[in-house]
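Let me begin by presenting the structure, written as C-alpha coordinates, before commenting on it.
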(Lines give C-alpha, C1' and ligand atoms only; values in the text may rest on other atoms or scores of the structure.)
Protein backbone atom coordinates (compact mmCIF):
# COMPACT_ATOMS: atom_id res chain seq x y z
CA UNK A 1 0.00 0.00 0.00
CA UNK A 2 2.79 2.43 0.88
CA UNK A 3 4.45 1.90 -2.51
CA UNK A 4 1.19 2.55 -4.36
CA UNK A 5 0.52 5.71 -2.34
CA UNK A 6 4.06 7.00 -2.99
CA UNK A 7 3.70 6.43 -6.75
CA UNK A 8 0.34 8.25 -6.81
CA UNK A 9 1.74 11.14 -4.75
CA UNK A 10 4.69 11.48 -7.14
CA UNK A 11 2.27 11.52 -10.09
CA UNK A 12 0.19 14.09 -8.23
CA UNK A 13 3.25 16.31 -7.78
CA UNK A 14 4.00 16.09 -11.52
CA UNK A 15 0.40 17.07 -12.32
CA UNK A 16 0.70 20.02 -9.91
CA UNK A 17 3.88 21.24 -11.63
CA UNK A 18 2.18 20.89 -15.02
CA UNK A 19 -0.86 22.75 -13.61
CA UNK A 20 -3.22 19.86 -14.41
CA UNK A 21 -5.38 20.43 -11.35
CA UNK A 22 -8.24 18.08 -12.28
CA UNK A 23 -5.95 15.09 -12.68
CA UNK A 24 -4.10 16.10 -9.50
CA UNK A 25 -7.39 16.28 -7.63
CA UNK A 26 -8.41 12.80 -8.84
CA UNK A 27 -5.04 11.41 -7.79
CA UNK A 28 -5.30 13.10 -4.39
CA UNK A 29 -8.77 11.67 -3.80
CA UNK A 30 -7.46 8.25 -4.89
CA UNK A 31 -4.72 8.40 -2.24
CA UNK A 32 -7.32 9.35 0.35
CA UNK A 33 -9.58 6.45 -0.67
CA UNK A 34 -6.71 3.94 -0.46
CA UNK A 35 -5.58 5.15 2.96
CA UNK A 36 -9.16 5.29 4.28
CA UNK A 37 -9.93 1.72 3.17
CA UNK A 38 -6.66 0.46 4.62
CA UNK A 39 -7.33 2.29 7.89
CA UNK A 40 -10.83 0.76 8.20
CA UNK A 41 -9.38 -2.71 7.50
CA UNK A 42 -6.72 -2.09 10.16
CA UNK A 43 -9.34 -1.06 12.73
CA UNK A 44 -11.25 -4.25 11.93
CA UNK A 45 -8.08 -6.28 12.40
CA UNK A 46 -7.50 -4.67 15.81
CA UNK A 47 -11.05 -5.49 16.87
CA UNK A 48 -10.56 -9.13 15.85
CA UNK A 49 -7.16 -9.27 17.59
CA UNK A 50 -8.53 -7.82 20.83
CA UNK A 51 -11.58 -10.09 20.84
CA UNK A 52 -9.38 -13.12 20.14
CA UNK A 53 -6.68 -12.09 22.62
CA UNK A 54 -4.05 -12.11 19.86
CA UNK A 55 -2.49 -8.72 20.55
CA UNK A 56 -0.06 -7.62 23.22
CA UNK A 57 -0.86 -4.48 25.24
CA UNK A 58 2.11 -2.57 23.83
CA UNK A 59 1.22 -3.49 20.23
CA UNK A 60 -2.41 -2.53 20.84
CA UNK A 61 -1.39 0.82 22.31
CA UNK A 62 1.00 1.61 19.45
CA UNK A 63 -1.45 0.48 16.75
CA UNK A 64 -4.34 2.39 18.33
CA UNK A 65 -2.35 5.60 18.60
CA UNK A 66 -1.21 5.26 14.99
CA UNK A 67 -4.73 4.57 13.73
CA UNK A 68 -6.24 7.38 15.80
CA UNK A 69 -3.70 9.85 14.38
CA UNK A 70 -4.23 8.50 10.86
CA UNK A 71 -7.99 8.89 11.32
CA UNK A 72 -7.52 12.58 12.11
CA UNK A 73 -5.16 13.24 9.20
CA UNK A 74 -7.20 11.27 6.65
CA UNK A 75 -10.47 12.97 7.51
CA UNK A 76 -8.81 16.40 7.62
CA UNK A 77 -7.73 15.70 4.04
CA UNK A 78 -11.26 14.55 3.11
CA UNK A 79 -12.79 17.73 4.50
CA UNK A 80 -10.11 19.95 2.94
CA UNK A 81 -10.36 18.23 -0.46
CA UNK A 82 -14.16 18.13 -0.68
CA UNK A 83 -15.38 21.31 1.00
CA UNK A 84 -16.44 24.02 -1.47
CA UNK A 85 -14.90 22.15 -4.40
CA UNK A 86 -11.47 21.63 -2.82
CA UNK A 87 -8.49 23.94 -2.29
CA UNK A 88 -8.12 24.99 -5.94
CA UNK A 89 -11.78 25.90 -6.30
CA UNK A 90 -11.78 27.78 -2.98
CA UNK A 91 -8.79 29.78 -4.15
CA UNK A 92 -10.57 30.74 -7.37
CA UNK A 93 -13.74 31.91 -5.62
CA UNK A 94 -12.93 34.49 -2.98
CA UNK A 95 -15.54 35.61 -0.50
CA UNK A 96 -18.66 33.76 0.60
CA UNK A 97 -19.33 30.45 -1.08
CA UNK A 98 -21.41 27.38 -0.36
CA UNK A 99 -19.53 25.33 2.20
CA UNK A 100 -20.18 22.06 4.01
CA UNK A 101 -18.98 23.60 7.28
CA UNK A 102 -19.92 26.80 9.04
CA UNK A 103 -16.64 28.00 10.52
CA UNK A 104 -16.96 30.67 13.25
CA UNK A 105 -15.17 33.45 11.29
CA UNK A 106 -17.54 32.97 8.35
CA UNK A 107 -20.47 33.45 10.71
CA UNK A 108 -19.07 36.84 11.67
CA UNK A 109 -18.77 37.81 7.99
CA UNK A 110 -22.51 37.37 7.50
CA UNK A 111 -23.18 40.44 9.61
CA UNK A 112 -22.56 43.94 8.40
CA UNK A 113 -20.41 44.88 11.38
CA UNK A 114 -18.28 47.97 10.81
CA UNK A 115 -14.73 48.02 12.12
CA UNK A 116 -13.95 44.33 11.84
CA UNK A 117 -10.25 43.59 11.37
CA UNK A 118 -9.33 42.68 7.80
CA UNK A 119 -8.19 39.18 8.81
CA UNK A 120 -11.77 38.41 9.90
CA UNK A 121 -13.40 40.00 6.87
CA UNK A 122 -11.05 38.18 4.46
CA UNK A 123 -10.87 34.90 6.40
CA UNK A 124 -10.72 31.70 4.38
CA UNK A 125 -10.47 28.18 5.82
CA UNK A 126 -7.08 26.54 5.42
CA UNK A 127 -5.87 23.02 6.04
CA UNK A 128 -5.27 23.72 9.74
CA UNK A 129 -8.97 24.59 10.14
CA UNK A 130 -9.98 21.24 8.66
CA UNK A 131 -7.34 19.50 10.78
CA UNK A 132 -8.81 21.17 13.89
CA UNK A 133 -12.28 20.00 12.84
CA UNK A 134 -11.03 16.44 12.32
CA UNK A 135 -9.14 16.46 15.64
CA UNK A 136 -12.25 17.59 17.52
CA UNK A 137 -14.41 15.04 15.73
CA UNK A 138 -12.06 12.23 16.77
CA UNK A 139 -11.62 13.52 20.31
CA UNK A 140 -15.17 14.56 21.20
CA UNK A 141 -16.84 12.19 18.67
CA UNK A 142 -18.49 15.27 17.17
CA UNK A 143 -17.49 18.59 15.62
CA UNK A 144 -17.25 21.16 18.39
CA UNK A 145 -17.18 24.74 17.13
CA UNK A 146 -18.00 24.17 13.47
CA UNK A 147 -21.52 23.10 12.49
CA UNK A 148 -21.71 20.54 9.71
CA UNK A 149 -24.16 21.65 7.02
CA UNK A 150 -24.25 19.14 4.14
CA UNK A 151 -25.25 15.50 4.23
CA UNK A 152 -21.99 14.21 2.75
CA UNK A 153 -20.03 16.04 5.48
CA UNK A 154 -22.34 14.66 8.18
CA UNK A 155 -21.77 11.13 6.89
CA UNK A 156 -18.00 11.63 6.88
CA UNK A 157 -18.11 13.02 10.44
CA UNK A 158 -20.15 10.01 11.56
CA UNK A 159 -17.69 7.58 9.96
CA UNK A 160 -14.74 9.40 11.53
CA UNK A 161 -16.41 9.40 14.96
CA UNK A 162 -17.28 5.71 14.65
CA UNK A 163 -13.67 4.82 13.80
CA UNK A 164 -12.35 6.90 16.72
CA UNK A 165 -14.92 5.42 19.11
CA UNK A 166 -14.05 1.87 18.02
CA UNK A 167 -10.36 2.52 18.67
CA UNK A 168 -11.08 3.96 22.12
CA UNK A 169 -13.45 1.09 23.00
CA UNK A 170 -10.82 -1.48 22.00
CA UNK A 171 -8.25 0.24 24.22
CA UNK A 172 -10.71 0.39 27.12
CA UNK A 173 -11.68 -3.26 26.63
CA UNK A 174 -8.06 -4.32 26.74
CA UNK A 175 -7.35 -2.12 29.77
CA UNK A 176 -10.29 -3.66 31.64
CA UNK A 177 -9.11 -7.12 30.64
CA UNK A 178 -5.63 -6.37 32.01
CA UNK A 179 -7.00 -5.24 35.37
CA UNK A 180 -7.09 -8.06 37.82
CA UNK A 181 -9.42 -8.00 40.79
CA UNK A 182 -7.84 -9.78 43.75
CA UNK A 183 -9.84 -12.89 44.67
CA UNK A 184 -9.41 -12.38 48.41
CA UNK A 185 -11.24 -9.01 48.37
CA UNK A 186 -14.83 -9.30 49.52
CA UNK A 187 -17.35 -8.10 46.98
CA UNK A 188 -19.85 -5.57 48.29
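Within the option set 150, 166, 139, 146, being in contact with a helix residue (DSSP H, G or I) (Cβ under 8 Å, 6 or more places away or on another chain), under 25 Å from residue 85 (Cβ atoms) and modelled with pLDDT of 85 or more holds for one residue only, 146. Among the conditions (1) modelled with pLDDT under 85; (2) closer than 30 Å to residue 176 by Cβ; (3) within 20 Å of the chain's Cα centre (by Cα), the only one that residue 104 does not satisfy is (2).
Yes or no, residue by residue, for (1) at positive phi; (2) part of a helix (DSSP H, G or I); (3) exposed (fewer than 12 other Cβ atoms within 10 Å of the Cβ); (4) touching a residue at least 24 places away in the same chain (Cβ under 8 Å):
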| site | (1), (2), (3), (4) |
| --- | --- |
| 23 | no, yes, no, no |
| 37 | no, yes, yes, no |
| 50 | no, yes, no, yes |
| 60 | no, yes, no, yes |
| 64 | no, yes, no, yes |
| 68 | no, yes, no, yes |
| 76 | no, yes, no, yes |
| 79 | no, yes, no, yes |
| 83 | no, yes, no, yes |
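Within segment 98-105, can one find any residue that is assigned to a helix (DSSP H, G or I), surrounded by 15 or more Cβ atoms within 10 Å (Cβ to Cβ) and on the phi < 0 side of the Ramachandran plot? Break it down stepwise before answering.
From segment 98-105, those assigned to a helix (DSSP H, G or I) are 104-105; that's our starting set.
Right, trim to surrounded by 15 or more Cβ atoms within 10 Å (Cβ to Cβ) and you get 105.
Then keep just the ones that are on the phi < 0 side of the Ramachandran plot; that gives 105.
Yes, that holds for at least one residue.
Residue 155 meets each of the listed conditions (1) surrounded by fewer than 16 Cβ atoms within 10 Å (Cβ to Cβ); (2) under 18 Å from residue 66 (Cβ atoms); (3) at pLDDT 95 or above apart from (2).
The values are calculated or read from the model by the stated rules, or taken from the named source; none is laboratory data. Treat the numbers as computed from the prediction; the structure is a model and nothing was measured. Methodologically, a virtual Cβ is constructed for each residue, glycine included, from the backbone with ideal geometry; neighbour enumeration extends over all protein chains shown.
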